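Enquirer: One structure, pasted below without further comment.
The values are calculated or read from the model by the stated rules, or taken from the named source; none is laboratory data. This structure is a prediction, so every number in the text was calculated from the model and none was measured. Cβ sites come from the backbone with ideal geometry, for glycine too, and all protein chains shown count toward neighbours. Please note that ligands, DNA and RNA were not included when accessible areas were found on the heavy atoms of the full protein model with its side chains. Shrake-Rupley method; radii C 1.70, N 1.55, O 1.52, S 1.80 Å.
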Amino acid sequence: MVGKTSKADKKIAYDRKFCDLLDEYTQILIVVADNVGSKQLQDIRRGLRGDSVVLMGKNTMMKRTVRVHADKTGNKAFLSLIPLLVGNVGLIFTKGDLKEVSEEVAKYKVGAPARVGLVAPIDVVVPPGNTGLDPSQTSFFQVLNIPTKINKGTVEIITPVELIRKGEKVGSSEAALLAKLGIRPFSYGLVVLSVYENGSVFNPEVLNLTEDDLIEKFAVGVSMATALSLAISYPTLAAAPHMFINAYKNVLAVAVATDYSFPQADKVKEYLADPSKFVVAVTAVAAADSGAAAAPAAKEEEKKEEPDEESDEDMGFTLFD
């Protein structure tokens, strides 16, 4: 008869499995498992099977394993996991795309009733309409100050009522009423709290960023760096074009205010001496632009007016005998 596995042996096996996963995987999703049942967790494991492994355990044991494994391997990057192991959390080790795995985890949410003493994760609003309850049940609604009327022998809620607010504890009256109405207001599942990748820890919202978002943020960063460089007169690659233009403007201003001149300044001085030349130049540029815009339209019109290359004889008949 095979002896029962001792608690110490289970801890050793868990420690070995955890260390193997840390060595094999470089991507980890830290998830919160509040109000997640064993059946639901089993479905999640089955859905992620192939390129991901779900590991749950006591926080103290996980922290100890991470600390010992980091000292043994010399990889101090693992230590960034320790501050994240707080509360009812688990780890999802994966080799797949982090965003796809996160979306797959989010699919496994199940509805749950409002239990007494539970902290509401969302606002709960009871919609208006017929409840199907007989008039003897009106006491529940009166306790909760919900306006009702009797319609065709059943209780009907007149207006929508905010029964529970987010962050409040569910009371016995609220739980009983929601149960009678058959409303399961809450849904629970694994929620991604943080993402670990090659020693870096970041918010899961980063997974939803697109290339356009990254380009926009990069452009904002470049503009801020450029503004700072210009403010402190420190040359950078981003600020160089603006510095050259500002320098040119300064030299041009000096040339206009003094007898000093150079070819570009001569042209500006000429415009300042006779502003009508500037008007002529602007008109010429505008005409050139309009001509360039009209050229494609003209070519398109010519194509429409060109006769068909096939003759009547090629088509196998003549119009006149």
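Enquirer: What lysines sit close enough to Lys11 to cross-link, taking a C-alpha to C-alpha distance under 21 Å and skipping anything fewer than 8 places away on the same chain?
Expert: Lys58, Lys63, Lys72
Enquirer: Identify the residues of the stretch 1-35 with backbone N under 15 Å of a label point that sits 7 angstrom from the Cα of Val119 along the Cα-to-Cβ direction, or state none.
Expert: 32-35, by backbone N distance to the label point.
Enquirer: Now for a separate question. Check cross-link reach from Lys166 to the lysines: straight Cα distance under 22 Å, and skip same-chain residues fewer than eight apart.
Expert: Lys166 reaches Lys109, Lys180.
Enquirer: Still on this structure: How much solvent-accessible surface does His242 expose, in Å² to the nearest 10, with a 1.4 Å probe and all protein chains in place?
Expert: 90 Å²
Enquirer: Additional query: Rounded to a whole number, what % of the accessible area of the stretch 123-252 do carbon and sulfur atoms account for, probe 1.4 Å?
Expert: The C+S portion of the solvent-accessible surface of the stretch 123-252 is 58 percent.
Enquirer: Still on this structure, I have one more. Whole-Hz Karplus ³J(HN,Hα) for the stretch 26-36, in order, using 6.51 cos²θ - 1.76 cosθ + 1.60 and θ = phi - 60°, x for Gly and Pro?
Expert: Working through the residues one at a time gives 10, 10, 9, 9, 8, 10, 8, 10, 5, 6, 9 Hz.
Enquirer: Could you calculate the FRET efficiency of Leu193 with Asn151 from 1/(1 + (r/R0)^6), where r is the beta carbon distance between them and R0 is 51 Å, rounded to 0.05? Don't skip to the end; give the middle numbers.
Expert: Details: r = 47 Å, r/R0 = 0.92.
The value I calculate is 0.65.
Enquirer: Please identify the trypsin sites (Lys or Arg not before Pro) of the stretch 28-68 that satisfy two criteria: DSSP loop assignment and at most 15 other Cβ atoms within 10 Å. Which are they?
Expert: Values: sites: Lys39, Arg45, Arg46, Arg49, Lys58, Lys63, Arg64, Arg67; in loops: Arg49, Lys58.
Qualifying residues, ordered by number: Arg49, Lys58.
Enquirer: Helix by helix through the chain, keep the DSSP H runs that span 20 Å or more along the axis on Cα and average at least 1.6 on Kyte-Doolittle, and give those back in order.
Expert: Numbers: long enough: 7-24 (26 Å, -0.99); 59-73 (21 Å, -1.01); 211-232 (32 Å, 0.91); 240-257 (26 Å, 0.98); 275-305 (45 Å, 0.01).
Span-like helices, by this rule, are absent here.
Enquirer: Still on this model: Here are some values of semi-axes √(5λ) of the Cα gyration tensor in Å: [x] 38, 27, 17; [y] 31, 22, 20; [z] 65, 40, 30. Which one was computed from this structure?
Expert: Only one option fits the structure, namely [z].
Enquirer: Using Cα-Cα distances under 8 Å and only pairs 6 or more residues apart, what relative contact order does the chain have, in percent?
Expert: Computed value for the chain: 18 percent relative contact order.
Enquirer: Moving to a separate point now. Using only Cα atoms, locate the centre of the stretch 182-239 and the centre of the stretch 64-131, then give the distance between them in Å, rounded to an integer.
Expert: Taking the Cα centre of each part, the stretch 182-239 and the stretch 64-131 sit 21 Å apart.
Enquirer: Do any GluC sites (Glu not before Pro) in the stretch 197-283 lie in a loop, going by DSSP, with at most 12 other beta-carbon atoms within 10 Å of their beta carbon, and if so which?
Expert: Loop-located and lightly packed - none at all.
Enquirer: Quick one: which residues, 5+ away or cross-chain, put their amide H under 5 Å from the amide H of Leu163? H built at 1.01 Å from N.
Expert: HN-HN under 5 Å from Leu163: Val124, Val125, Val126.
Enquirer: Through the Karplus equation 6.51 cos²θ - 1.76 cosθ + 1.60, θ set to phi - 60°, convert the phi angles of the stretch 132-147 into ³J(HN,Hα) values in whole Hz; use x for Gly and Pro.
Expert: Rounded to whole hertz, the list is x, 8, 7, x, 5, 8, 5, 4, 4, 6, 5, 4, 9, 6, 9, x.
Enquirer: Viscosity 0.890 mPa s, temperature 25 °C: what is the translational diffusion coefficient of the stretch 8-159 from Stokes-Einstein with a Kirkwood Rh over Cα pairs, rounded to a whole number of µm²/s?
Expert: Answer, rounded: 127 µm²/s.
Enquirer: Which value, in debye to the nearest 20, describes the size of the charge dipole of the chain about its Cα centre when Lys and Arg Cβ atoms bear +1, Asp and Glu Cβ atoms bear -1, and nothing else is charged?
Expert: 4200 debye
Enquirer: So, counting K/R as plus one and D/E as minus one, what does the shell of residues with Cβ under 12 Å around Arg45 add up to?
Expert: Summing Lys/Arg as +1 and Asp/Glu as -1 gives +1.
Enquirer: Give the residue list of GluC sites (Glu not before Pro) in the stretch 81-112 that are DSSP loop and have at most 11 other beta-carbon atoms within 10 angstrom.
Expert: Hits after loop and neighbour filter: nothing returned.
Enquirer: For the chain, with the dipole built from +1 on Lys and Arg beta-carbon atoms and -1 on Asp and Glu ones, taken about the Cα centre, which of Thr159, Thr65, Gly182 lies farthest toward the positive end?
Expert: Result: Thr65, furthest along the dipole toward the positive end.
Enquirer: Once you wrap a convex hull around the alpha carbon atoms of the stretch 191-276, what is its projected area averaged over all directions, in nm²? Walk me through the numbers on the way to the answer.
Expert: Values: hull surface 42.6 nm².
Here the figure is 10.6 nm², rounded to one decimal.
Enquirer: Of Val54, Gln40, Tyr25, whose Cα points farthest to the positive end of the dipole of the stretch 20-63 (charges on the beta-carbon: +1 Lys, Arg; -1 Asp, Glu; origin at the Cα centre)?
Expert: Most positive-ward Cα: Gln40.
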